[in-house]
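See structure below.
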2 protein chains.
Amino acid sequence: MTDGRASSLADQFAAAFRLHPAGVAIITADDGTGPAGLTATSVISVSARPALLAFSLSACSSTAPRIAAAETVVVHFLGAGQVELAKRFATSGIDRFGPPCRWYRLATGEPVLAEVDTWLRCRIAEQLTVGGSTLVVAKVEKVQLGRDRDAPLVYRDRTWYWLDEQAVMT
Amino acid sequence: MTDGRASSLADQFAAAFRLHPAGVAIITADDGTGPAGLTATSVISVSARPALLAFSLSACSSTAPRIAAAETVVVHFLGAGQVELAKRFATSGIDRFGPPCRWYRLATGEPVLAEVDTWLRCRIAEQLTVGGSTLVVAKVEKVQLGRDRDAPLVYRDRTWYWLDEQAVMT
């Protein structure tokens, strides 16, 4: 994978996905070593009945192994108001759960970010290791639905967007 | 999965994902029975080296089995200018490839939508059947990068959005 052609395909692939917009989530877990969390733009719905979602964990992320090692995770869906939290959980070398981050634990132990009002507690059901990365399938056990009023946060081309009503196509 | 509690979880799950924004893709293929295609909001990057993506195919889609039966697929990333195409490939009971849809075949046989200038030709590498739906992992073999100028198309809560520069968070 070090020849010019493969490198070029990887660059083109990265460029195509960089321009593909995505909603923003933070995935948290505790594998027994303390709270861990990362910002992800790869959370997708797989099935509603049963309730299953999937996300990918990059081989490049140092936090990913701690998410993958947990039995359960919490997937938080971010609104535009949580952009600083999204940046924080995408920053390396800091205590992401330190102040001013507010969080608590569910009775079942998983860390939940207090600022985020829509989240799903999930049990990891399958993990597929592909190309050094991990594709995780998780069964949703609890859904906390927030207020519907906030504009959601969108990420594209290293830029954060809020999805406002002016952008509706009629 | 027919008791009230399970039904409620499925409804809450669907409500949470309905409010989670996503970029829009059309996935096309020909499994030998003619061109097939569907609009998808579930395409995610898994790994750049090697170049791998994933998407989910709903158990409810009648086109999904024809995508899953193909060896190769083309994933098209849509701009805001392709909203009518996105609607068309999400409409049942029509000939999606009929006029005014313009398409051609690659030398390798896959149907490509002429209106869309960013697409990835992929070989299906893994299929995971979960809860009646299918999670597909595909190895990217060719990337066609379009112009960068179009605002991308975003879908959320049954509404189409274009991601304009006014929505950038500073």
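The values are calculated or read from the model by the stated rules, or taken from the named source; none is laboratory data. Remember, predicted model here, so these are calculated numbers, not experimental data. No Cβ is skipped: glycine too gets one built from the backbone with ideal geometry, and neighbour counts run over all protein chains shown. Heavy atoms of the whole protein, side chains included, go into the accessibility calculation; ligands, DNA and RNA do not. Shrake-Rupley method; radii C 1.70, N 1.55, O 1.52, S 1.80 Å.
Residue-by-condition table, conditions (1) at pLDDT below 95; (2) part of a strand (DSSP E or B):
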{"position": "A:Glu84", "(1), (2)": "no, no"}
{"position": "A:Lys87", "(1), (2)": "no, no"}
{"position": "A:Tyr104", "(1), (2)": "no, yes"}
{"position": "A:Ala107", "(1), (2)": "no, no"}
{"position": "A:Val116", "(1), (2)": "no, no"}
{"position": "A:Leu120", "(1), (2)": "no, yes"}
{"position": "A:Ile124", "(1), (2)": "no, yes"}
{"position": "A:Arg149", "(1), (2)": "yes, no"}
{"position": "A:Trp160", "(1), (2)": "no, yes"}
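Could you tell me how many of the residues in region A:43-54 are under 22 Å from A:Val83 (Cβ atoms) and surrounded by 24 or more Cβ atoms within 10 Å (Cβ to Cβ)?
Selection size over region A:43-54: 1.
Identify, please: which residue in region B:146-170 is out of contact with any helix residue (DSSP H, G or I) (no Cβ under 8 Å at 6 or more places or on another chain) and more than 8 Å from chain A (Cβ to nearest Cβ) and is, among those, most open to solvent (accessible area, probe 1.4 Å)?
Among them, the one singled out is B:Arg149.
Would a scan of region B:58-66 turn up a residue that is under 24 Å from A:Thr41 (Cα atoms), among the hydroxyl-bearing types (Ser, Thr, Tyr), touching a helix residue (DSSP H, G or I) at 6+ places or on another chain (Cβ under 9 Å) and modelled with pLDDT of 95 or more?
Among the residues of region B:58-66, not one is under 24 Å from A:Thr41 (Cα atoms), among the hydroxyl-bearing types (Ser, Thr, Tyr), touching a helix residue (DSSP H, G or I) at 6+ places or on another chain (Cβ under 9 Å) and modelled with pLDDT of 95 or more, which makes the answer no.
Farther than 19 Å from B:Ala22 by Cβ and outside any strand (DSSP E or B): which single residue out of A:Thr129, A:Thr170 fits that description?
A:Thr170
Do we find that B:Ala59 is more than 11 Å from the chain's Cα centre (by Cα), facing chain A (nearest Cβ under 9 Å), under 30 Å from A:Ala64 (Cβ atoms) and assigned to a helix (DSSP H, G or I) in this structure?
no
Could you figure out which of (1) among the basic types (Lys, Arg); (2) open to solvent by 50 Å² or more (accessible area, probe 1.4 Å); (3) in contact with a Phe, Trp or Tyr (Cβ under 8 Å, 6 or more places away or on another chain) isn't true of A:Arg18?
Exception for A:Arg18: condition (3).
Give region A:28-42 a look and list any residue that's assigned to a strand (DSSP E or B), under 19 Å from A:Ser92 (Cβ atoms) and either open to solvent by 10 Å² or more (accessible area, probe 1.4 Å) or among the hydrophobic types (A, V, I, L, M, F, W, C) (or both), or say none.
A:Ala29, A:Pro35, A:Ala36, A:Leu38, A:Thr39, A:Ala40
What tally of residues in region B:89-145 results from selecting those that are free of Cβ contacts under 8 Å to residues at least 40 places away in the same chain, buried (at least 16 other Cβ atoms within 10 Å of the Cβ) and away from every other protein chain (no Cβ under 14 Å)?
Residues that pass the stated criteria total 2.
What number of residues within region A:67-82 are in a strand (DSSP E or B) and away from every other protein chain (no Cβ under 14 Å)?
Final tally of qualifying residues: 2.
From the list B:Ala51, B:Ala16, pick out the single residue that is farther than 24 Å from B:Asp157 by Cβ, at pLDDT 95 or above, within 14 Å of chain A (Cβ to nearest Cβ) and over 15 Å from the mean Cα position of the chain (by Cα).
Residue meeting the stated conditions: B:Ala51.
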